[in-house]
Structures are given as C-alpha cells and as structure tokens.
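Engineer: Here it is, the structure in full.
The values are calculated or read from the model by the stated rules, or taken from the named source; none is laboratory data. Quick caveat: nothing in here was measured; it's all calculated off a predicted structure. Using ideal geometry, Cβ is built from the backbone for each residue, glycine included, and neighbour counts are taken over all protein chains shown.
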Amino acid sequence: MVVSALSGREVAEWLEAGAPGSVERWQEQTVWVKPPSIAEVARFLRDNPSLDLQFLNSISAVDFIEYFEIVYHLTSLRQQHTAVVKSRVYSREAPSLPSVYHVWRGADFQEREIWDLMGVRFDGHPNLKRIMLWEGFEGHPLRKDYL
Amino acid sequence: MPIRTEPMTVNIGPQHPSTHGVFRLRVTFDGEVIVEVEPVFGYLHRGSEKLAEERNYVQVITLTDRLDYVSPMTNNQAYCIGVEKLLGVEPPPRAKYLRTIAAELQRIASHLVAIGFFLQDLGTLGTPLMYCFRGREKILDMFEMLCGARITVSYLRPGGVFFDAPPEFWTALDTFLREFPGEFEELEQLLLENEIVMVRTRGISPLPLDVAINCSVSGPVLRASGLAWDWRKMDPYDAYGWVEFDVPTGANGDNYDRFWVRMQEVRQSLRIVNQCREQIEPGSVRLELPLVLRPKPGAEAYGRVEASKGELAFYLVSDGGIAPYRCKIRSPSLINLTVTEHLLVGWKLADMIVSLGSVDINMGEVDR
C-alpha cells in the first residue's frame, strides 16, 4: 500500500498545536472535532505542510438519532496519506456547522446534498439549496425518522 | 460604435441528446460566449442510499449496478470491497483476478463509450461511435457469459465473485485480446492525429491542476491535468498489486488531453487483462460466507476503487443488523461536475457540449 492512513492521535496532536481546543477525542484513525471549529480545522489541515490534506475525498453525514455525524475523508496527494475527521452535531431541529466550501471547493455539491437529504445546514455556503429534490419538498429523506 | 449585446439565458436539457442523460444546464450567453452556467440535476434521483438501508448486504449489489450503468462492474467492486473491509475478509486469489479482469474490461467498455460520445458531441455523426461500440459489444457479450447480464451484472459478491468463468468466456477473451488491439489501433489512427479533432479540442477548456485538486476532481479528468494519481496504484486492491501498468497523464488538462488520457488508459487496461490472463490459476472463487451478512455493530468502512470516471467509494456504517445502517456513495461523476463553471465560462456554445462530454459524466451516478 502506497498511501498510509494517519493515526487519529497524530492528527489530534497537530490540531492541538494549530487549532487549540478544537479536538474532542481521537480513536485509531479518526479524530472528532467540535462542530464550530470545523472550518478553522479544515484550513489548518489543508495549509499545514506536514499534513497537507489538500484533497477532500468526500463528506458524509450519518444520522445516529441523538446526533448527526459529519465525516470528512481527506487525502494528501503530495505526502500520500489519508485522514478521517468527524464532527458530531447534537440537534434535530436545526443542526448546523460551518461550511468548508471556502477551503475545499469540492465540498460544494456534497454539502448541498447533505442539506437536501439529511437536513444539516452548512453556515457560510454561498448557495445552500436543494440539489436532488425540488425546492418546496418537505422533510429530509435520509433521516432515520423519515418514512 | 460598439454593438450593444444583451445576455440571454438558455436551458440546455433536461431532455437533450447531448447532455448524456436527463441533465440540465442553465446557461447565460453573451452572443455565443458563455458568461454564467449552473448545472441542475436530480431528475434521475432514485434514493439509492435510502433504499440500501432497507436491503441486506448482498441485495444492495443490484442497486449499485444502476448507479453508473455504463460501468456496473466497478460499482460492484467498490461496494464489495467496502463490505469486505467491514467484515475483515479477503477474497481468494482467483476471485481477485476474475474481478480485476471484469473491472478492466468494464473500464475499456466505459472509456469506449466516453470516447465515442465525445466524438459524437464534436459532430462526427456516428462513425467513430460505431467503431467504439464494436469493441464494447464484444465485452458485453463476455459479461453475459460470466453472469447472464450485459448491463445489470451483479457479478461480484462480498468475498469473491458469483460464479467461476465458464470455458467459453476464456475462448472469447482470448479472441478479444487477439483482435481488439488491432481494432483499437484503427481508432487511434483515425482520431489521435486527426486534424479536425485537434483543432476542435486542443487548448479548449483547460483545467489547471490546482483547481482540479481543490474541486476534488478525480479519475481521467484529474490525470489529464497532469497528476498521476490512480487509486489502483496508490492503494492497490484486488489483483492490481500483482500486475504492471502505467498511469498516463496529460499536460494541459484541455479537452484533447482528457480524450487522449482515456485512449491511453484503454491500452493500459488491455495490458492488465493480458497479465491477469497469464497469472490466473485454478482455485476457489468465493469465500464461504453466511447468506445474510452481519458485520460488527459500530464497524465502518470506506470501500474505494478507481472506477472509470474517477474515485468511486462506498462509506458503509454497520449497526450489527442485516442491512447497512448508512451507505453513502461518493460518486465521481457528481463531484467532477463541480468544475463545470470553470470549464465552460468564457468559452463558446459550440465547445460547451464537447467540454461537458470530455468530463464523461453519467447521470445514474450523479443523481443516484
């Protein structure tokens, strides 16, 4: 395997230095960060030359009923390593966290899709509207309580 | 006195033969120059991710066929690798070779469609398209021998493949490997140095590498911009670690480079299939797994392959039940569309359809 996975501990230590107070906890290959600091964390992950995570593979949202987990899969094309960053949003009425659109433009459609299907808002996204469904559709179908 | 022009907004699609499916572009023109473009999609949204939560792990395979319906084998592959990671199992070597052969044949078929329609978009009125479909047809016939279907294959299974290949498949494959390189050379001679193709595609809609990376573009589009990034090399799965192949890259990331990279990748895929054909040995093709799979609660996996359009991945989360708790599809077609605006604005109407064709999107995968 050419690409290696960064351990959660390693990423957490970097984040403690670059964005103090943003890390919630880490485990194996995952770091959990506090939702309000995600944009700051994203910028640090991209711009720090040792981490160099300039490629956003995907953003996923999982509905765990008591919280939404937003998962960022990242890759550094130069350093050839990957990292997984997660963030938990505890709200069902109006879940929201900052957008990473201005850090990784590739987040554009994926954040819109999560808003459309999962109902998590991304603050600071310049064009956050429904993408798969039509404007006026009620509800967010990928939520576990949507039948 | 300069002539005053007025911008005009035009809808291209959703029902339009050259938008490659039900896809709509809201384009604002100034004369014939594009000043603003907004891609609109969702017309083929079937809720595959939600449907996957209601089916067991093996049944979901049939849904993956219908994502990128020009490249179903690689979709199966991404999903099966995801489930195998969830379970922590590895398929036997013969299965890995069969999967690699199927996936590479599929890549050839998918690239042939991409090349054929790209030229169709240029206005070639069918001749190169038919040359491309000649090769693709033989591949689909071979898929029929493997699994009884041409498009909705569902051939791969977590832990291997459904059936071993029948003897007639190997005969057909040998014939294909003998005949196809010559047919493909014909196509190369016809197109690669073709004056009209060059004039119409060289330097049109270039995509700088930094924009491509920032927009999460992957696959041939990223490689055409000059970066040799291929998950088959970077994170070898199935039999890719045991075969040799090169990763062709373009220099300018223009329409010609995207087309050229695909042409070269067909050659590389043939190399891989040839090596697999030589290396494959008899053995079991499928692990003995329970019919209904139950990964550990809390397990998660990111099953990733280099599909013909780019990085295709399934992010699977298990709650210990018989169905995935969450099955997120990272679709390369959707994410490659992020650069539409960058590719089209400032260029003319006549190049718009060609540039869109050079990205090679598939609406089944964009909308899911």
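Engineer: Return the residue satisfying two criteria in turn: it lies in segment B:299-318 and is of a type outside the set (A, V, I, L, M) and more than 9 Å from chain A (Cβ to nearest Cβ), and of such residues it is nearest to B:Lys233 (Cα to Cα).
Structural biologist: B:Glu306
Engineer: Looking at this structure, is B:Glu38 in contact with a helix residue (DSSP H, G or I) (Cβ under 6 Å, 6 or more places away or on another chain), among the charged types (D, E, K, R) and either farther than 30 Å from B:Phe162 by Cβ or without any contact (Cβ under 8 Å) to a residue 12 or more places away in the chain (or both)?
Structural biologist: Spelling it out, it is not the case that B:Glu38 is in contact with a helix residue (DSSP H, G or I) (Cβ under 6 Å, 6 or more places away or on another chain), among the charged types (D, E, K, R) and either farther than 30 Å from B:Phe162 by Cβ or without any contact (Cβ under 8 Å) to a residue 12 or more places away in the chain (or both).
Engineer: At least 2 residues that are within 13 Å of chain A (Cβ to nearest Cβ) in each: list the helices (runs of 4 or more DSSP H) lying fully within segment B:186-262 that qualify.
Structural biologist: B:209-214, B:220-224, B:231-234
Engineer: Hey, another quick one. Quick one: which of A:His125, A:His73 is closer than 19 Å to B:Thr338 by Cβ, buried (at least 18 other Cβ atoms within 10 Å of the Cβ) and free of Cβ contacts under 8 Å to residues at least 24 places away in the same chain?
Structural biologist: A:His73
Engineer: Moving on. Only one of these conditions is not met by B:Asp257: (1) at pLDDT below 90; (2) among the charged types (D, E, K, R); (3) more than 27 Å from B:Val161 (Cα to Cα). Which number is it?
Structural biologist: Exception for B:Asp257: condition (1).
Engineer: Of all residues being charged (D, E, K, R) and more than 22 Å from B:Gly226 (Cβ to Cβ) in segment A:48-95, which is farthest from the other protein chains (Cβ to nearest Cβ)? Just the residue, please.
Structural biologist: A:Glu93
Engineer: Of (1) part of a loop (DSSP other than H, G, I, E, B); (2) crowded, with 18+ Cβ neighbours inside 10 Å; (3) out of contact with any Leu (no Cβ under 6 Å at 6 or more places or on another chain), A:Phe137 satisfies all except one. Which?
Structural biologist: (2)
Engineer: A follow-up question, please. For a quick check of your reading: which strands (runs of 3 or more DSSP E) sit entirely within segment B:277-368 and have at least 3 residues that are surrounded by fewer than 24 Cβ atoms within 10 Å (Cβ to Cβ)?
Structural biologist: B:300-306
Engineer: From A:Trp32, A:Trp14, grab the single residue that is within 14 Å of chain B (Cβ to nearest Cβ) and closer than 22 Å to A:His102 by Cα.
Structural biologist: So the residue among A:Trp32, A:Trp14 that is within 14 Å of chain B (Cβ to nearest Cβ) and closer than 22 Å to A:His102 by Cα is A:Trp32.
Engineer: In this structure, is A:Val103 more than 10 Å from every other protein chain (Cβ to nearest Cβ) and in contact with a helix residue (DSSP H, G or I) (Cβ under 8 Å, 6 or more places away or on another chain)?
Structural biologist: No: the conditions fail for A:Val103.
Engineer: Could you count how many residues in segment B:19-49 are surrounded by 16 or more Cβ atoms within 10 Å (Cβ to Cβ) and closer than 24 Å to B:Ile335 by Cβ?
Structural biologist: Residues meeting the conditions: 19.
Engineer: Let me ask something else about it. Being touching a helix residue (DSSP H, G or I) at 6+ places or on another chain (Cβ under 8 Å), free of Cβ contacts under 8 Å to residues at least 60 places away in the same chain, more than 24 Å from A:Val103 (Cα to Cα) and not hydroxyl-bearing (Ser, Thr, Tyr), is that true of even one residue in segment B:205-217?
Structural biologist: No.
Engineer: Sticking with this structure for a sec: Quick one: B:Phe23 ticks every box in (1) more than 30 Å from B:Phe162 (Cα to Cα); (2) modelled with pLDDT of 85 or more; (3) away from chain A (no Cβ under 14 Å) except a single one, so which number is it?
Structural biologist: (3)
Every residue, every condition in (1) over 17 Å from B:Gly303 (Cα atoms); (2) hydroxyl-bearing (Ser, Thr, Tyr), yes or no:
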{"position": "A:Glu13", "(1), (2)": "yes, no"}
{"position": "A:Thr30", "(1), (2)": "no, yes"}
{"position": "A:Ala83", "(1), (2)": "no, no"}
{"position": "A:Tyr90", "(1), (2)": "yes, yes"}
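Engineer: If I ask for residues that are touching a Lys or Arg at 6+ places or on another chain (Cβ under 9 Å) and acidic (Asp, Glu), which ones from segment A:46-63 would you list?
Structural biologist: A:Asp52, A:Asp63
Engineer: Would you mind finding the one in A:Ser50, A:Ser22 that is surrounded by 16 or more Cβ atoms within 10 Å (Cβ to Cβ) and either in contact (Cβ under 8 Å) with a residue 12 or more places away in the chain or in contact with a Phe, Trp or Tyr (Cβ under 6 Å, 6 or more places away or on another chain) (or both)?
Structural biologist: Step by step, each of A:Ser50, A:Ser22 is checked, and only A:Ser22 is surrounded by 16 or more Cβ atoms within 10 Å (Cβ to Cβ) and either in contact (Cβ under 8 Å) with a residue 12 or more places away in the chain or in contact with a Phe, Trp or Tyr (Cβ under 6 Å, 6 or more places away or on another chain) (or both).
Engineer: Moving on to the next point. Could you check, for segment A:106-127, whether at least one of its residues is at the interface with chain B (Cβ under 10 Å from one of its Cβ atoms), closer than 29 Å to B:Gly226 by Cα, aromatic (Phe, Trp, Tyr) and in a loop (DSSP other than H, G, I, E, B)?
Structural biologist: Within segment A:106-127 (the criterion being at the interface with chain B (Cβ under 10 Å from one of its Cβ atoms), closer than 29 Å to B:Gly226 by Cα, aromatic (Phe, Trp, Tyr) and in a loop (DSSP other than H, G, I, E, B)), the answer is no, since none of the residues qualifies.
For (1) crowded, with 20+ Cβ neighbours inside 10 Å; (2) within 27 Å of B:Ala323 (Cβ to Cβ); (3) touching a residue at least 24 places away in the same chain (Cβ under 8 Å), each residue gets a yes or a no:
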{"position": "B:Ile139", "(1), (2), (3)": "yes, no, yes"}
{"position": "B:Met142", "(1), (2), (3)": "yes, no, yes"}
{"position": "B:Ile151", "(1), (2), (3)": "no, yes, yes"}
{"position": "B:Leu156", "(1), (2), (3)": "yes, yes, yes"}
{"position": "B:Val161", "(1), (2), (3)": "yes, yes, yes"}
{"position": "B:Thr171", "(1), (2), (3)": "no, no, no"}
{"position": "B:Asp174", "(1), (2), (3)": "no, no, yes"}
{"position": "B:Leu187", "(1), (2), (3)": "yes, no, yes"}
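Engineer: Which one of these is farther than 30 Å from B:Pro290 by Cβ and modelled with pLDDT of 90 or more: B:Thr28, B:Thr64?
Structural biologist: Result: B:Thr28 is the single residue among B:Thr28, B:Thr64 that is farther than 30 Å from B:Pro290 by Cβ and modelled with pLDDT of 90 or more.
Engineer: Restricting to strands (runs of 3 or more DSSP E) lying wholly in segment A:17-76: which have 2 or more residues that are of a type in the set (Gly, Ala, Ser)?
Structural biologist: A:55-63
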